[in-house]
1. When N is the residue count of the chain, what does its C-alpha Rg come to as a fraction of 2.2 N^0.38 Å?
2. According to the Cα gyration tensor, what semi-axes, each the square root of 5 times an eigenvalue, does the equivalent ellipsoid of the range 13-118 have, listed from largest to smallest in whole Å?
3. I need the peptides 105-113, 65-73, 228-236 ranked by packing, meaning the mean over residues of other C-beta atoms within 10 angstrom, with the highest value on top.
4. Mind pulling the angle between the C-alpha long axis of helix 2-34 and the longest principal axis of the chain? Nearest 10 degrees, somewhere in 0 to 90.
5. Expected output is a single nm value to one decimal: the length gained when fully extending between residue 59 and residue 34, i.e. 0.36 nm times separation in residues minus the C-alpha distance. What is it?
6. What does the extension gain come out to for residue 52 and residue 76, with contour length at 0.36 nm per residue minus their alpha carbon separation?
7. Using 7 Å Cα-to-Cβ label points, what is the residue 5/residue 69 separation (nm, one decimal)?
8. Could you give the length gained on full extension between residue 231 and residue 139, defined as 0.36 nm per residue of separation minus the Cα-Cα distance, in nm?
Amino acid sequence: MCLFSIAKYLLFAFNFILWAAGAAVLGIGIYLAVGDGSSAVVEIGGVNFYASGSYILIAAGSFALIIGFLGCCGAMKESTCLLGLYFTCLLVIFILEVGVGIWALVNYDTVDELISESIYSYDLDPVSAESGGNSAFISMEKQFQCCGKNNSCNDWYAVNATEPYGCDCKDGDKNCESISANSKCGVPTTNPTKYDYVYSEDCTSAMTVFVQDNLTLIAGIGLGIGLAEIFGMIFAMCLCGAIKDKRQVTP
């Protein structure tokens with residue numbers, strides 16, 4: 001009877017944690033999918049698997065919220081059938097989240113090369129930029145507080161642009177420095193720029209850091225919560241055993 005009560009309340013406590021973790025994973029997944037910079041990572045950076053990882057986290061978080069309710073029902077009703085279903089579903093989530101964590105770590109080292117190749121192949125059109133074109137790239141520069149592909153302002157000057165479009169910033173902003181102090185922003189003598197300050201970091205580096213940081217976050221969440229779910233499966237098995245023992249003792 002003591003084992004039954006302990007297992008029952010431990011499962012309740014775990015499911016409360018599972019609900020909270022599921023809500024957190026759902027929220028983080030949504031942030032990674034629709035947050036600032038996410039569309040640029042896929043459209044310009046070419047990191048298509050970034051969106052896939054976000055959607056998997058959204059699915060896992062939503063599933064965890066439902067499974068937590070199922071576990072509580074199984075404990076309250078003392079139903080070995082519900083607890084067995086709960087164990088199976090928890091095992092599926094465990095495999096999914098640990099798999100996502102491992103997937104994020106495996107893809108970590110491929111990000112730099114993938115982004116570098118994709119951004120390098122992106123066409124900068126100064127004529128279009130002057131009339132409001134190249135909006136996706138310029139918007140990315142603003143979001144990531146970066147300038148150019150991998151050679152700062154010189155990437156714009158290399159295509160005969162009169163300005164390093166999207167690179168201008170205000171003194172005090174992150175990665176912002178005087179254009180005269182930026183060795184990669186040598187001002188063309190024929191068309192001096194009107195910008196006093198520009199972002200110092202190139203967009204290949206800025207986007208790579210952004211994606212790698214988020215992959216680390218995904219890996220930590222997937223592996224951490226996934227491993228914690230082992231305890232939920234153990235509590236469910238213990239409670240199932242305790243329920244069977246209770247039924248055998250009860251005449």
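1. Scaled against compact globular proteins, the figure is 1.44.
2. Here the semi-axes work out to 34, 13, 8 Å.
3. 228-236, 65-73, 105-113
4. Helix 2-34 sits roughly 20 degrees off the main axis of the chain.
5. 7.5 nm
6. Taking 0.36 nm per residue and subtracting the Cα distance, the gain is 5.0 nm.
7. 3.0 nm
8. On the way: separation 92, 0.36 × 92 = 33.12 nm, distance 4.53 nm.
Value of the extension gain: 28.6 nm.
Readers should treat all values here as calculations from the given coordinates under stated rules, not as data from a laboratory. Owing to the predicted nature of the structure, the values given are computational and were not obtained by experimental measurement. Reconstructed Cβ throughout: ideal geometry from the backbone, glycine too, with neighbour counts over all protein chains shown.
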